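This report refers to the structure that appears directly beneath it.
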Amino acid sequence: MKKFINKVDDVLVESLSGFAAAHSDIVSLHLNPNFLTRKQKALNKVAIISGGGSGHEPLHAGYIGYGMLDAACPGHVFTSPTPDQMLAAAESVHANKGVLFIVKNYAGDVMNFEMAAEMLPIVNGLHIESATVLTSDDCAVINSTYTTGRRGVAGTVIVEKCVGSLAETGADLQSCKLLGDKINQRTASMGVALTSCTVPAAGRPTFDIGDNELEMGVGIHGEPGRKRAQMDEADAITQELVNAILDTLKPVPNSEALLLINGFGATPLMELYLLYNTAANLFKQHGIRITRSLVGNYTTALDMAGASVTLCLLDDEIKQHWDSPVHTAALRWGK
Amino acid sequence: MKKFINKVDDVLVESLSGFAAAHSDIVSLHLNPNFLTRKQKALNKVAIISGGGSGHEPLHAGYIGYGMLDAACPGHVFTSPTPDQMLAAAESVHANKGVLFIVKNYAGDVMNFEMAAEMLPIVNGLHIESATVLTSDDCAVINSTYTTGRRGVAGTVIVEKCVGSLAETGADLQSCKLLGDKINQRTASMGVALTSCTVPAAGRPTFDIGDNELEMGVGIHGEPGRKRAQMDEADAITQELVNAILDTLKPVPNSEALLLINGFGATPLMELYLLYNTAANLFKQHGIRITRSLVGNYTTALDMAGASVTLCLLDDEIKQHWDSPVHTAALRWGK
Amino acid sequence: MTTSVILQSLLDIHATILQHESEIESLDRAIGDGDHYINMKRGASAIVEMHDELADLTPDAALNKIGLKLLSTIGGASGPLLASFFMGMAKVLKEKGDTSAKTYALAFASGVDLIRQRGKADVGEKTMLDVLIPVANRFSELANANADNKTICEALADTAEAGMRSTMNLIATKGRAAGLGERAIGHIDPGAKSCQLMIMTVCNALLKHE
Amino acid sequence: MTTSVILQSLLDIHATILQHESEIESLDRAIGDGDHYINMKRGASAIVEMHDELADLTPDAALNKIGLKLLSTIGGASGPLLASFFMGMAKVLKEKGDTSAKTYALAFASGVDLIRQRGKADVGEKTMLDVLIPVANRFSELANANADNKTICEALADTAEAGMRSTMNLIATKGRAAGLGERAIGHIDPGAKSCQLMIMTVCNALLKHE
Ligand SMILES: Nc1ncnc2c1ncn2[C@@H]1O[C@H](COP(=O)(O)OP(=O)(O)O)[C@@H](O)[C@H]1O
Ligand SMILES: Nc1ncnc2c1ncn2[C@@H]1O[C@H](COP(=O)(O)OP(=O)(O)O)[C@@H](O)[C@H]1O
Ligand SMILES: [Mg+2]
Ligand SMILES: [Mg+2]
Ligand SMILES: [Mg+2]
Ligand SMILES: [Mg+2]
């Protein structure tokens, strides 16, 4: 393992400290328990809190700021945060309109956020009200009501952006949750890995993969996906990702959509733009109009080489909230 | 080599096409010769044109837009563009106030841009006037007037941002050149690689490096640096990078500075922020006040794992132009 | 069990986890995200560090404190589940106020039940519950039949082992491996393995005490 | 040399470059950025593709067109330098209007001079000029002494080889390897190697023609 780290146990706090220092105009870092908030507490709005295991940077701390999150709770690498973090964050950022947790659908994240929600304290004589949006856009996983279900991956960024925008208008908790759920249902992602990632504390790659192999449908923690396959041309790989998404969303012809090409951490922009080119053309062939785009490392898996394709079917409400101003470390426009 | 590509010969155009499609609100792509311009031609200002070998994305095309570049000329991977590209770009974006070329100091880039400048045509009875800023911030290389001299690396982004800002005010060609030269003199960078990059057309890593080695002072094309050394803790590595920069810039105590931690392509944000943390602390110990920061993949070397530290000594003029609005694919704020 | 026996067991568990690093880690690398060993180690170390402040507490108070500590230390899926287990045990011990095998069987069952509720899972879903539920059931049976400690310890260690092995040929429907479908078959569930190891360790320790 | 001999030489050069892929590539990987082979191949292929449109031109017009094509095809450091070489040759051939060895020696020298001006470099800086300048000098000497073609070809191939080898023990002061300091020692300059190969190829072709 070759990484820019000192002691394995200090990686998280050193990295968070660097993040907070580099973006001290936007965020504040709180340690023990660990959470990050906006520099300026927002008032009179639903507080939007997300969190999850670290290693997916800029998710989630990079999305704290005007128009997006109020706080983020970073767990250890690939390990969901613990309820005390969410409690402390909620107490710090809630502004009497309730707290919305945006949680990627993993057993660990779901349970830790759930326990936090159950433990939310009474403030000003009122229990801090909360609701939760579970993101589950990874269509590599076959869905079922009897199982843990689909994993939340890069589509989470779209949910956080748009729900954050709606909260900024003063909308109530229930409306924010409804928008989040709607976007989640209209969003599907599918990823592919060319290499494994290496968790610092483990010190070696999470999975072995041959020089001529790829992992189709991989998760953002290096979880095995749909299948191990032979390395192929970008067009063929993208076709498979796009097909999985089309099978899931079944968009009607002429649908308008946002296309997100997300790098997993070690894949350069040059390749991500090439994937964008291929994916956009394939979706166009299926009558989909791509009117919004995002290409880059937005939901990563440490140093994994690979990428995911995310399609979000737009409507006027989602478009409005995607386009609205946002001012965070990792997404910034219109302000 | 595992990359998201189709045919090796098509990588560049497919990637550029994806870039242009994803950012069609900001840029236009022209092929044969290849160059990119702003979607909306800017009037009454010095036209700022940069370019260089591809593989450093988002440099330079990602910096086209309001407040930064007017056009960029992408060469083949790691190969400087050819004069016909610069000529076509200059003819397309010049607005009667001359053209400023921002060129990274490599023999190839210097000569190709030089020939382009010599060949600039006569428009409206006047030769299109031009000037050139050569960036040479890589302090891994010992400087000398008898040699090719220092390489231009990540500091180029700071030059492009600030000169682009000045040009937007209607400043003349000479003033833009002077600001660029000044920033270049006040900027030093030093990089370290943990792995090699792989040029698609070559199909294998540019250099061999052991599992426990690093290349100190590496260039952004994987050129060998100051020395091959044993892998070490992030603090020790950063100390060496910071020392090289301090030796070069010799900043007076209490200097104000911009600190840029630049990833080479395969190093995740988590590690870059950890490096930021260490570097900022070390500079602080030397009495330097870091008041501006940038952390991310801004001047990459394909899929190389590694990073560079850049320090730019600020003054009021540079600060003003760094803070001013910019609206490009890769840098966006204030607008 | 007195608090000091509980604490000794937890020291033993810590040692066992560390001994089985590569085994636990490879299981989670195969069908999870590779962090289960790190999570368990972090939790166990935190408890070892609390040793002195726990020593003077009653068993129920100690177990409750351990649960809260695990809740804020482990994270992931195993964190809230193991925390719930200890808090569930503590609740029954506090209510009953005695340290008989029957009470411990009841407490164990109560801990497992909280895991079941929190994880919305049951036997056959390829999780730690494939170890814990059979062990809880066997424990109740034997305690109700007034079996001696030796019999109980041996039986529970065997039941845990069998439960752990049973996960090998299951498809996962809960937890991270639920995404894998058929590909999860042939691998033991990491959480089942670590629970089996913990149960085995405690049983061995108690057997030695006999 | 007639245009058809020039074109044949360029076909030969294209073949030579392709044959020496791994050698040229490893040299630029060692002390450059690894693209010199790709650059040379791209340039040579572009000229091969122009074959038909060049065939009817005079030698000077053909060389000038080749120079312009290389200028817009190769890029990097070698692109403008090699382009300058061909344009410099073309200029003298056009002025002189004959195809004697003396004229070609003058044309060669003029091409090399443009490289020297464009690259601001000279002998001893570990570049292609360590091949080209000695070859240009030797060519002038021999042509002025009215040496026969065979003598000239053999001598130039040898001089090129010696020049190429001389770069081995130099520190680079121009081009990409200038950043390496002492570490460049022990490696032959890639541009020197490809120039030596090209000169050798043309000399061999002309020798066969004899
Ligand atoms: N819903 C659930 N119910 C019971 N146990 C579960 C559940 N989800 C996961 N587990 C257990 O948790 C273990 C994984 O723990 P760990 O690796 O620490 O967390 P994570 O899966 O979040 O990385 C699994 O092997 C499984 O035994
Ligand atoms: N200033 C110069 N003068 C003469 N030759 C040079 C100069 N700079 C570089 N070269 C030659 O160019 C060669 C490198 O060419 P190439 O690899 O195609 O371009 P780049 O260095 O831009 O990648 C070097 O090996 C050297 O022979
Ligand atoms: Mg985990
Ligand atoms: Mg090059
Ligand atoms: Mg795990
Ligand atoms: Mg080269």
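Only residues that are within 12 Å of another protein chain (Cβ to nearest Cβ) and within 17 Å of D:Gly34 (Cβ to Cβ) were counted in the stretch D:154-188, giving 10. Taking the stretch B:201-217 as the range and being under 16 Å from B:Thr300 (Cβ atoms) and within 9 Å of another protein chain (Cβ to nearest Cβ) as the test, the residues that pass are B:Pro205, B:Thr206. Would you be able to say whether some residue in the stretch C:120-141 is within 14 Å of chain A (Cβ to nearest Cβ), surrounded by fewer than 16 Cβ atoms within 10 Å (Cβ to Cβ) and free of Cβ contacts under 8 Å to residues at least 24 places away in the same chain? Yes, the stretch C:120-141 contains a residue that is within 14 Å of chain A (Cβ to nearest Cβ), surrounded by fewer than 16 Cβ atoms within 10 Å (Cβ to Cβ) and free of Cβ contacts under 8 Å to residues at least 24 places away in the same chain.
In the stretch C:46-61, is there at least one residue being of a type in the set (Gly, Ala, Ser) and more than 14 Å from chain A (Cβ to nearest Cβ)? Scanning the stretch C:46-61, I find at least one residue that is of a type in the set (Gly, Ala, Ser) and more than 14 Å from chain A (Cβ to nearest Cβ), so the answer is yes.
Those helices (runs of 4 or more DSSP H) of the stretch C:2-66 in which 1 or more residues are under 15 Å from the mean Cα position of the chain (by Cα) and within 22 Å of A:Glu223 (Cα to Cα) occupy C:21-31, C:36-49. Could you tell me how many of the residues in the stretch D:34-49 are farther than 27 Å from B:Ser196 by Cβ and out of contact with any helix residue (DSSP H, G or I) (no Cβ under 6 Å at 6 or more places or on another chain)? Total meeting the criteria: 1.
Kindly indicate whether any position in the stretch B:153-168 is part of a loop (DSSP other than H, G, I, E, B), farther than 19 Å from B:Ile49 by Cα and within 13 Å of chain D (Cβ to nearest Cβ). No.
So that you can scan it fast, the table gives a plain yes or no per residue for (1) surrounded by 20 or more Cβ atoms within 10 Å (Cβ to Cβ); (2) of a type in the set (A, V, I, L, M, F, W, C); (3) touching a strand residue (DSSP E or B) at 6+ places or on another chain (Cβ under 9 Å):
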| site | (1), (2), (3) |
| --- | --- |
| D:Pro59 | yes, no, no |
| D:Leu68 | no, yes, no |
| D:Gly76 | yes, no, yes |
| D:Leu93 | yes, yes, no |
| D:Thr99 | no, no, no |
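Residues in the stretch C:17-30 that are of a type in the set (A, V, I, L, M, F, W, C) and near ligand 1 (Cβ under 8 Å from one of its atoms): C:Leu27 only.
Being in contact with a strand residue (DSSP E or B) (Cβ under 6 Å, 6 or more places away or on another chain), surrounded by 24 or more Cβ atoms within 10 Å (Cβ to Cβ), facing chain A (nearest Cβ under 9 Å) and modelled with pLDDT of 95 or more: is that true of B:Ala47 here? Considered against the rule, which asks whether it is in contact with a strand residue (DSSP E or B) (Cβ under 6 Å, 6 or more places away or on another chain), surrounded by 24 or more Cβ atoms within 10 Å (Cβ to Cβ), facing chain A (nearest Cβ under 9 Å) and modelled with pLDDT of 95 or more, B:Ala47 comes out as no. Across the stretch A:113-136, the number of residues qualifying as assigned to a strand (DSSP E or B) and either within 10 Å of chain C (Cβ to nearest Cβ) or closer than 23 Å to A:Leu31 by Cβ (or both) comes to 1. The residue list A:Thr198, A:Thr148, A:Thr156, A:Thr169 contains one member that is assigned by TED's automatic domain parsing to the domain that holds A:Leu59 and more than 20 Å from A:Val99 (Cβ to Cβ), which is A:Thr148. For the stretch A:102-112, the count of residues that are within 12 Å of chain B (Cβ to nearest Cβ) and modelled with pLDDT of 95 or more is zero.
Scan the stretch B:158-201 for residues that are in contact with a helix residue (DSSP H, G or I) (Cβ under 7 Å, 6 or more places away or on another chain) and without any contact (Cβ under 8 Å) to a residue 60 or more places away in the chain and the total you get is 3. Residue count for the stretch A:3-25 satisfying the condition of being within 7 Å of chain B (Cβ to nearest Cβ) and assigned to a helix (DSSP H, G or I): 8. Evaluation of D:Leu81 against the conditions (1) without any contact (Cβ under 8 Å) to a residue 24 or more places away in the chain; (2) under 16 Å from the mean Cα position of the chain (by Cα) shows that the sole unmet condition is (1). Of all the numbered requirements in (1) closer than 23 Å to D:Ala177 by Cα; (2) touching a Ser or Thr at 6+ places or on another chain (Cβ under 7 Å); (3) more than 14 Å from chain D (Cβ to nearest Cβ); (4) not small (Gly, Ala, Ser), B:Ile220 misses one, and that requirement is (3). The sole residue among C:Met40, C:Met89 that is under 17 Å from C:Val5 (Cα atoms) and at pLDDT 95 or above is C:Met89. Within the stretch B:299-335, the set of residues being more than 18 Å from the chain's Cα centre (by Cα) and of a type in the set (Phe, Trp, Tyr) comprises just one member, B:Trp333. So the check is Cβ under 8 Å with 6+ separation or different chains; which pairs have a first residue in the stretch C:22-40 that's under 10 Å from C:Gly76 (Cβ atoms) and more than 9 Å from chain A (Cβ to nearest Cβ) and a second one that's of a type in the set (Ser, Thr, Tyr) and within 16 Å of ligand 6 (Cβ to nearest atom)? Correct list of pairs: empty, since none qualify. Scan the stretch A:294-330 for residues that are more than 9 Å from chain B (Cβ to nearest Cβ), part of a loop (DSSP other than H, G, I, E, B) and either closer than 17 Å to A:Val153 by Cβ or at pLDDT below 95 (or both) and jot them down. The answer is A:Tyr298, A:Thr299. Within the stretch A:50-62, being within 14 Å of chain B (Cβ to nearest Cβ) and either more than 14 Å from A:Leu29 (Cα to Cα) or assigned to a strand (DSSP E or B) (or both) holds for A:Gly52, A:Gly53, A:Ser54, A:Gly55, A:His56, A:Glu57, A:Pro58, A:Leu59. Screening the stretch B:70-92 for residues that are without any contact (Cβ under 8 Å) to a residue 60 or more places away in the chain and surrounded by fewer than 23 Cβ atoms within 10 Å (Cβ to Cβ) and picking the one that is nearest to the other protein chains (Cβ to nearest Cβ) gives B:Asp84.
Entry remark, the stretch C:67-84: residues being in contact with a Lys or Arg (Cβ under 7 Å, 6 or more places away or on another chain) and assigned to a helix (DSSP H, G or I) number 4 in total.
Against the test of being among the aliphatic types (A, V, I, L, M), closer than 20 Å to D:Thr127 by Cβ and in contact with a Leu (Cβ under 8 Å, 6 or more places away or on another chain), the options D:Ala44, D:Ala62, D:Ala55 yield a single qualifying residue, D:Ala44.
If you go through the stretch C:142-173 and keep only what is surrounded by 23 or more Cβ atoms within 10 Å (Cβ to Cβ) and modelled with pLDDT under 95, you end up with just C:Ala172.
Restricting attention to the stretch A:228-272, which residues are within 13 Å of chain B (Cβ to nearest Cβ) and at positive phi? Answer for the stretch A:228-272, where residues must be within 13 Å of chain B (Cβ to nearest Cβ) and at positive phi: just A:Gly265.
Exactly one residue out of C:Val131, C:Val123 is closer than 21 Å to C:Ile13 by Cα and away from ligand 5 (no atom under 16 Å from the Cβ), and it is C:Val131. Pick from the stretch B:210-240 the residues that are over 15 Å from B:Arg151 (Cβ atoms) and at pLDDT below 95: which of them is farthest from the chain's Cα centre (by Cα)? Selected residue: B:Asp211.
The values are calculated or read from the model by the stated rules, or taken from the named source; none is laboratory data. Just so we're clear, the structure is a prediction, and the values are computed from it rather than from any experiment. Counting neighbours? That spans all protein chains shown, and the Cβs are built from the backbone with ideal geometry, glycine included.
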